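In what follows, a single structure is set out as structure tokens and then discussed.
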Amino acid sequence: MNNHEIDYEIFGDDMQYVEIELDPQETAVAEASSMMMMDDQIHMETIFGDGSSSTGGLMGKLFGAGKRLVTGESLFMTTFTNTGQGKRKVSFASPYPGKVIPLDLDELGGKMICQKDAFLAAAKGVQIGIEFQRKIGVGFFGGEGFIMQKLEGDGMAFVHAGGTIAKKELQPGEKIRVDTGCLVAFTPSINYNIEMVKGVKTALFGGEGLFFATLEGPGTVLVQSLPFSRLASRVFSAMPRNGGTKGEGSVLGGVFDLLGGDD
């Protein structure tokens, strides 16, 4: 085994966090600012890239950090190492309402492809890289850009997604169509493509966008019911505009004033 073997427990319902238990000298790696709380004698360190065991030397570290920069993430990640004698715990929370999804990469064939901002934390040794989509149409219209994230290794990784999570086990030749923003992750055996919505009226007035993802088995697909982009769009559309009403005492109007919207 190349990865640190960690124990974990997930708490909450709609606003979840994951608590990871570390044995002495065990390490977890996470995105910056995802830490919620941690026990004493856990040493926190900022590193380039993902800190995986395959990353060696200065050039290797720079290359790993550069891959993260391409996906729009920070150059740095944070490691949490138990420097004490007994077990210690560290907790990580997702940045918006939704679920924390545990992924045992050993059971998933050693690799999972995710939307680029889904990764939350993992056992040290899991590689967090980039996955270039083979088809240009997938990259330009896939809802997540030309590049997606890939998690590789044989340990535990944790991703987060919005709303309720649907796990689909597709048989060979079985297909499903998914809104591009709702796609969270899938195994490499899945054949992933983008199709345009047929019919001009459906595309223009259907309210679902011009493209959807088609996924063909065999393999595992994770789908979220509330992507953050959809939530942000609804919040933005409900915000008062310049010269418009402020909600006349509504909660949203109060928040708008509190954030400096009322000059």
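The values are calculated or read from the model by the stated rules, or taken from the named source; none is laboratory data. None of these values were measured; they are calculated from a predicted model. Every residue, glycine among them, receives a Cβ derived from its backbone with ideal geometry; neighbour counts consider all protein chains shown. Areas reflect the complete protein model, heavy atoms only, side chains present, ligands, DNA and RNA absent. Shrake-Rupley method; radii C 1.70, N 1.55, O 1.52, S 1.80 Å.
Looking at the range 80-107, which of its residues are open to solvent by 40 Å² or more (accessible area, probe 1.4 Å) and outside any strand (DSSP E or B)? Across the range 80-107, the qualifying residues are T83, Q85, K87, P95, P97, D106, E107.
Do we find a residue being at pLDDT 85 or above, open to solvent by 30 Å² or more (accessible area, probe 1.4 Å) and assigned to a loop (DSSP other than H, G, I, E, B) anywhere in the range 56-79? No; the residues of the range 56-79 include none that is at pLDDT 85 or above, open to solvent by 30 Å² or more (accessible area, probe 1.4 Å) and assigned to a loop (DSSP other than H, G, I, E, B). Under the condition of being of a type in the set (S, T, Y) and modelled with pLDDT under 55, the residues counted in the range 181-222 number 1. Inspection of the range 242-263 finds no residue satisfying the criterion of being at pLDDT 65 or above and surrounded by 11 or more Cβ atoms within 10 Å (Cβ to Cβ). Scoring S237 on the criteria (1) modelled with pLDDT of 55 or more; (2) within 26 Å of I147 (Cα to Cα); (3) open to solvent by 40 Å² or more (accessible area, probe 1.4 Å) leaves a single failure, condition (2). Determine, yes or no, whether K116 is open to solvent by 50 Å² or more (accessible area, probe 1.4 Å) and over 18 Å from D7 (Cβ atoms). It is true that K116 is open to solvent by 50 Å² or more (accessible area, probe 1.4 Å) and over 18 Å from D7 (Cβ atoms).
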